[in-house]
Amino acid sequence: MKIMVNGVPHETDAGRDDPVVDVLRDGLGLTGAKAACRTGVCGACTIAVDGTPQASCLLPAAAVEGRAVTTAEGLDHPVQRAFAAHDGLQCGYCTPGFVVEAAAFVDAWRAEHGDVTPPRDRIAAALAGHLCRCGAYAGIYAAVEAACRGEHDGEAAAPARVEAMEKITGHARYTTDVRLDGQLEGAIIRSAQAHARVTSVEVDHAHVVDLLPPDRIVRYVGQPIAAVTAPTRQEVLAIAESARIGYEPLPAALDDAPDAPPVYDEQSRKHAPSSSEGLTLPGGWNGNVRGPFSGVSRRSRTAVNRIEAARRRADPLLVTGTFSTAVQVHTPLEPHACVARWDERGDLHLYLSTQTVALAAEQAAKRWKLDASRVHVVADHVGGGFGAKSGITVEAVAAVELARLCRAPVRVVLSRAEELTDAGSRPGSRTRIALLADGGGELSALAMDVHGRGGVAIGSSAALLARLMYGTAPRRLRDFDIVTNEPPGTPFRGPGAPPMLWALEQAVDEMAHRLDEDPIVLRRRWDGNPKRHALYDWAAALPIWRDRPRTGSRSGRFRRGVGVAAANWMYLVAPATKVELEVEGDTVVARTATQDIGTGARTVIAGVLAEELGLPADRIRVEIGRSGFVPGPPALGSRTTASVAPAARDAARLLRAQGLRPGAKVVGRRRGDRGGYLTPFPVHGMALGRGFSGAVHVTEVEVDTRLGTIRPLRVWGGIAAGRIYAERPARNQCEGGIIQGLGYALYEERRTDPVTGTVLTAGLDDYHIPGIGDTPEMTIHFHQDGWEHVNGHGVGLGEVSTVGVAASVANAVHNATGWRPHDLPIRPDRLLEGISR
Amino acid sequence: MTVPTDLLPADLLLAARDGEPRAGGTDLMSRPAAGPHVDLTGLRDLPGMSGITWQPDGSAHIGALTTIADLARDARLRAAYPALALTAQALATPQIRAVATVGGNLLQRNRCRYYRNPAFTCHQNGGNSCPARAGDTLYAAVIDTGPCLAPHPSSLAMALLTYDASVQVHDRGPLPIASLYGDGSDPSRDHLLDPGELLLAIHLPPPVAGERAAYHRATGRSEAEWPLVEAVARVVLDGTRISHAAVGAGGVARVPLRLGEVEEAVLAGEPFTAAAALTAARCTPASGNAYKVTLLAGTVLEVLEQAAGTSAS
């Protein structure tokens, strides 16, 4: 078959029914189009066929025979420069698809209307078939608008992030794009049973890797059982599908009923995975319930006594409620992926889509008993993570073991169904909260019991985080896990905080209502954090806040309301971080073993160097994504910027002292903060620094009381994270944090079949993440004071920028309708039911 | 006009008995096929198989291989059959509309999460049960007419139903579009064409002068989502009186629906709210989808108001 791709004729031996995306990627080596969902929903595979954008995952090869195909690699269009200038991307995995579609839209728009700004809803409709999990939609709108106005017809402006053009042109190489000579494809065979002992695994294939735990018991549908390989993806999927698994079924716990059969026995519970990012809290077991952990409570008995007394006297200043949250899935657009190769010297080379190149290398060395110097982890570009891509995960285990067995490189890429089932999720939760104010309106007591639902995983630590907000009033904070035979929860952007704030920030809102006090004024009184005080003052002065309606005053079909929520997060840092600088010709090359999952780590380092060394951008190159470089931080816990930026500055100063001559090489360190850290020595390479980052979100929604929808109109995000090193990527991340928070509030929910425990939301048309049309107008305000004690004066903001958003939506819905949502997500059915009461 | 069936290649007709016909492929490529794909796109140049052909009486003949995008952007179609054009504009996403065809839309398989998940078998793929019934019914049909609870996926079928369109299937005379779907009691399939029967074209009756129409898709997000409930309304106003009304609904039953009771009430001058509320009598909610009763009435009210141009408040 003959096809013309980017102006070049190709002869391909692809089958006529093969998806075009595979023909391009595997056949022609054009990896700009990404096969991210394979159901035509996400748009990452979009190409233009005779100028018309189409989803190449659903396009049979026969459909492009004799046609002209254009991929992002072949595109040379002003909208690409606009995406770079306006930062219409983060991780970049969805970007090639977006730009192909956007180019067609911009051309059609300008031809029809001239060089004028299109309305937002026209852009949203044109890009409706594209999903960006990072939530870079504000930048995408800005880019498309500017390109339509003809602002990018000429030379390229400076990109907002250094690797922008690589991503925009489809040339950036992600793990899923890696193809080595002789590479085989691997696939994972997974459990069809929620709870069973596996008695036999029969596969018509020589190479099988066992992935079962020592007790041979699978504890959820989708748990890995074995891995297999074949030369092509189609073949290996067929082999995996034909595997015959013998099960001895065990009773499964698919709900939190007290009489549910046990998920673990005393022995196996020791190996339960954890959804906590730091240390897993201790706790006893009672059947499938673990906990409580209440170690951070403060004058617990006083808190309970006060609440009990208030309950007895029906104190109107006792606010109580039960709040629940759904399981939220990370589902980064680049699925978990690994290419493993053992070289002739016995070294292990891992191309891994990871947030932790260094940690992955360390864990691989330990697991496969190798010297640390013999493991080489590469992650040039990472298509999103959000907490799900930490350390050595199952796709890496499968690829490494298969590569060893087959003596050939092996690539394992999870399907979207696997990604949505068993590759990372934020546990669901049920929270009982009681909040008491005294006669003077001061916080008198707080009690919070949070039951986390992370499937087979333990480690819910939500209530714990309520210790860090609203002063020192007595409080009892208890965390529990309810384990079930469902896929494990994992750490997800701000672990524990969104469910905690969903309950606490609504209870505080309710208290303001009872006290007939402005909710911002109340928070300002209760909250001792001076940086958040500045944010409250900023928020209180917003016209949208000053002019908000009185709760319950709205009638009619469409009701607008405004809500606020505050958030708090820890300041973490990796004290061992180093940045190496080497002068190569007239270019300064920076290296550190960190990675960029879309946050802008390269850009932060490049910006510091440009400032310190007075060099133009084209004389600085940042090399990251290699485990062998000097130590760098994992992209976990909002610690990258606070770790790498001061180290880069230190290196720059050393280099300046030494002189910028070719061959010069220095290593800068992340020197300590004034006053040191709260943790006397690093734990897992991490120190807890002094001070807390803060956020205040003010959200305006419009509720359609007829059809049950909630439209977020405008969101203001105030962020107190000190110095902002790279303004546009930082703002982008905060905007993306709002988008993910809106997804959590309104749409996202992993649903499982109550009978079998099978995940039903196994495709992106069933698991609903926000699209560009769901994007509100966003204003980000950075309060940059208050971190003078920190080396570099700035800390991370990835987590604090998202964790409180859902609560601000709920408070806005309450303001609009008088009805308070208790359960996430606030689906149309819940809203219709709630407002009908 | 009709598509000249004597020009259909014999080998293709034969192959279609054992495989699944593929036009744009947007549905078929995303799920395992029942047999080999039978590529129909070679028929595109057959007279009447693709594009809109206007008849002397002003009616439209739409080839089964016409893309949704072509339907959505045709100015004459928008004027003559606005409900159809609005529905076409609102379904799926631009990339899908550019490729997906009218015939494929009418004959696509349903979106039930159980049917689409290889972990389950059900009436639709050789099984003998409906796992949704005992399981998650949040998105299930709220009008329960048979063993299967999957709402019918075709928005165009619903719109065409309100036009009393007919379809041309080779080897058979013109069929009313409703007969493609029956009453929903056969749980094993989403349309009633037998293997090898090819849908060739759609015929619309002549346009109704002065038609005003609206389509609405109730979803959680703003774009790109399968409907919780969808509805379409066509009305003709004679002063303030409604002299002609056709109302359809989807997302609520095994088959696309025509809502005769709503049409009658509207023609009798009943307020829209009361007319839309009549749909509740049809509903037999499962454990998780009682909200669809409210949403159906709300969506029907929405399209009636939009079509008639009465302001929503």
Members of the stretch A:328-340 found to be on the phi < 0 side of the Ramachandran plot and buried (at least 24 other Cβ atoms within 10 Å of the Cβ), listed by number
A:GLN328, A:VAL329, A:PRO332, A:LEU333, A:GLU334, A:PRO335, A:HIS336, A:ALA337, A:CYS338, A:VAL339, A:ALA340
Residue count, the stretch B:226-241, condition part of a strand (DSSP E or B), surrounded by fewer than 24 Cβ atoms within 10 Å (Cβ to Cβ) and modelled with pLDDT of 95 or more, comes to 2
Which residues, taken from the stretch A:84-126, are over 22 Å from A:ALA35 (Cα atoms) and outside any helix (DSSP H, G or I)?
A:ASP87, A:GLY114, A:ASP115, A:VAL116, A:THR117, A:PRO118, A:PRO119
Given the condition within 25 Å of the chain's Cα centre (by Cα), at pLDDT 95 or above and basic (Lys, Arg), answer yes or no: does some residue in the stretch A:815-828 qualify?
yes
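Conditions tested, residue by residue: (1) of a type outside the set (D, E, K, R); (2) within 14 Å of chain A (Cβ to nearest Cβ); (3) in contact with a Gly (Cβ under 8 Å, 6 or more places away or on another chain).
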residue: B:PRO205; (1), (2), (3): yes, no, no
residue: B:LEU228; (1), (2), (3): yes, yes, yes
residue: B:LEU237; (1), (2), (3): yes, no, yes
residue: B:ALA276; (1), (2), (3): yes, yes, yes
residue: B:LEU296; (1), (2), (3): yes, yes, no
Here the residues within the stretch A:36-61 that are touching a residue at least 40 places away in the same chain (Cβ under 8 Å) and open to solvent by 20 Å² or more (accessible area, probe 1.4 Å) are A:ARG38, A:THR39, A:VAL41, A:GLY51, A:THR52
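Looking only at the stretch A:351-358, decide whether some residue is open to solvent by 30 Å² or more (accessible area, probe 1.4 Å), closer than 23 Å to A:ALA423 by Cα and touching a residue at least 60 places away in the same chain (Cβ under 8 Å).
Pass one, the stretch A:351-358, residues open to solvent by 30 Å² or more (accessible area, probe 1.4 Å): A:351, A:358.
Right, trim to closer than 23 Å to A:ALA423 by Cα and you get A:351, A:358.
Among the residues that remain, those that are also touching a residue at least 60 places away in the same chain (Cβ under 8 Å) are: A:351, A:358.
Yes; the residues of the stretch A:351-358 include at least one that is open to solvent by 30 Å² or more (accessible area, probe 1.4 Å), closer than 23 Å to A:ALA423 by Cα and touching a residue at least 60 places away in the same chain (Cβ under 8 Å).
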Looking at (1) more than 14 Å from every other protein chain (Cβ to nearest Cβ); (2) over 19 Å from the mean Cα position of the chain (by Cα); (3) among the hydrophobic types (A, V, I, L, M, F, W, C), which is the one condition that is false for B:VAL262?
(2)
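Go over the candidates B:PRO118, B:PRO131, B:PRO153, B:PRO195 one by one and state the one that is within 14 Å of chain A (Cβ to nearest Cβ) and modelled with pLDDT under 95. Working first, answer last.
Numbers: B:PRO131 fails: modelled with pLDDT under 95; B:PRO153 fails: modelled with pLDDT under 95; B:PRO195 fails: within 14 Å of chain A (Cβ to nearest Cβ).
Result: B:PRO118 is the single residue among B:PRO118, B:PRO131, B:PRO153, B:PRO195 that is within 14 Å of chain A (Cβ to nearest Cβ) and modelled with pLDDT under 95.
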Selected residue (only one of A:PRO776, A:PRO770 is at pLDDT 95 or above and surrounded by fewer than 24 Cβ atoms within 10 Å (Cβ to Cβ)):
A:PRO776
Counting only residues that are within 13 Å of A:PHE323 (Cα to Cα) and open to solvent by 10 Å² or more (accessible area, probe 1.4 Å), how many does the stretch A:808-823 have?
3
Note: among A:VAL715, A:VAL701, just one is touching a Lys or Arg at 6+ places or on another chain (Cβ under 9 Å) and open to solvent by less than 10 Å² (accessible area, probe 1.4 Å), namely A:VAL701
Which one of A:GLU112, A:GLU151, A:GLU202, A:GLU163 is away from chain B (no Cβ under 14 Å) and farther than 30 Å from A:LEU352 by Cα?
A:GLU151
Residue pairs qualifying under the 9 Å Cβ cut-off, at least six apart or on distinct chains, with the first in the stretch B:182-199 being more than 16 Å from B:ARG22 (Cβ to Cβ) and the second being polar (S, T, N, Q) and part of a loop (DSSP other than H, G, I, E, B), are B:ASP183/B:THR145; B:GLY184/B:THR145; B:SER185/B:THR145
Would it be correct to say that B:GLY251 is at pLDDT 95 or above, open to solvent by 20 Å² or more (accessible area, probe 1.4 Å) and on the phi > 0 side of the Ramachandran plot?
no
Taking the stretch A:581-635 and the residues there that are of a type in the set (Ser, Thr, Tyr) and within 19 Å of A:GLY794 (Cβ to Cβ), the one that is most open to solvent (accessible area, probe 1.4 Å) would be A:THR599
Output yes when any residue across the stretch A:33-45 is more than 13 Å from chain B (Cβ to nearest Cβ) and under 23 Å from the mean Cα position of the chain (by Cα), and no when none is.
yes
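Residue by residue, here is whether (1) in contact (Cβ under 8 Å) with a residue 24 or more places away in the chain; (2) in contact with a Cys (Cβ under 9 Å, 6 or more places away or on another chain); (3) open to solvent by less than 30 Å² (accessible area, probe 1.4 Å) holds:
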position	(1), (2), (3)
B:MET29	no, yes, no
B:ASP45	no, no, no
B:HIS61	yes, no, yes
B:LEU71	yes, no, yes
B:LEU106	yes, no, yes
Cross-chain or 6+ apart pairs with Cβ under 7 Å, the stretch A:678-697 first and touching a residue at least 24 places away in the same chain (Cβ under 8 Å) and over 15 Å from A:ARG723 (Cα atoms), then open to solvent by less than 50 Å² (accessible area, probe 1.4 Å) and among the charged types (D, E, K, R):
A:MET686/A:ARG639; A:GLY689/A:ASP673; A:ARG690/A:ASP673; A:VAL696/A:ARG532
Consider B:GLU223 carefully, then state whether it is open to solvent by 40 Å² or more (accessible area, probe 1.4 Å), within 14 Å of another protein chain (Cβ to nearest Cβ) and either under 21 Å from A:PRO828 (Cβ atoms) or touching a strand residue (DSSP E or B) at 6+ places or on another chain (Cβ under 6 Å) (or both).
yes
Can we say A:VAL319 is modelled with pLDDT of 95 or more, under 37 Å from the mean Cα position of the chain (by Cα), in a helix (DSSP H, G or I) and surrounded by 15 or more Cβ atoms within 10 Å (Cβ to Cβ)?
no
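Could you tell me which residue of the stretch A:557-616 is farthest from A:ALA657 (Cα to Cα), considering only residues that are β-branched (Val, Ile, Thr) and out of contact with any helix residue (DSSP H, G or I) (no Cβ under 7 Å at 6 or more places or on another chain)?
Here is the first cut: in the stretch A:557-616, the residues β-branched (Val, Ile, Thr) are A:562, A:564, A:573, A:577, A:579, A:583, A:587-589, A:592, A:594, A:597, A:599, A:603-605, A:608.
Subset that is out of contact with any helix residue (DSSP H, G or I) (no Cβ under 7 Å at 6 or more places or on another chain): A:583, A:589, A:597.
On the way: A:VAL583: 14, A:VAL589: 17, A:ILE597: 33 Å.
Here the answer is A:ILE597.
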When A:ALA146 is evaluated against the numbered criteria (1) more than 28 Å from A:THR331 (Cβ to Cβ); (2) open to solvent by 10 Å² or more (accessible area, probe 1.4 Å), which criterion, by number, is the only one it fails?
(2)
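For the stretch B:298-313, which positions are more than 8 Å from chain A (Cβ to nearest Cβ) and in contact (Cβ under 8 Å) with a residue 12 or more places away in the chain?
As a first pass, look at the stretch B:298-313 and keep what is more than 8 Å from chain A (Cβ to nearest Cβ): B:300, B:303-311.
Within the stretch B:298-313, B:VAL300, B:VAL303, B:LEU304, B:GLU305, B:GLN306, B:ALA307, B:ALA308, B:GLY309, B:THR310 qualify.
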What pairs come out if I take residues in the stretch A:282-293 that are closer than 19 Å to A:GLY455 by Cβ and not assigned by TED's automatic domain parsing to the domain that holds A:GLY454 and pair them with residues that are open to solvent by 40 Å² or more (accessible area, probe 1.4 Å) and in a loop (DSSP other than H, G, I, E, B) whose C-beta lies under 7 Å away, six or more apart or interchain?
none
So which pairs qualify, if the first residue must be in the stretch A:735-759 and farther than 11 Å from A:THR802 by Cα and open to solvent by 10 Å² or more (accessible area, probe 1.4 Å), the second must be among the aromatic types (Phe, Trp, Tyr) and at pLDDT 95 or above, the Cβ gap must be under 7 Å, and the two must be at least 6 apart or on different chains?
A:ARG750/A:TYR767
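The values are calculated or read from the model by the stated rules, or taken from the named source; none is laboratory data. The structure presented is a predicted model; accordingly, all values stated were derived computationally and were not measured. Don't worry about glycine lacking a Cβ; one is built from the backbone with ideal geometry, like all the others, and counts go over all protein chains shown. For the accessible areas, the whole protein counts, side chains as well, though only heavy atoms, and no ligand, DNA or RNA atoms are used. Shrake-Rupley method; radii C 1.70, N 1.55, O 1.52, S 1.80 Å.
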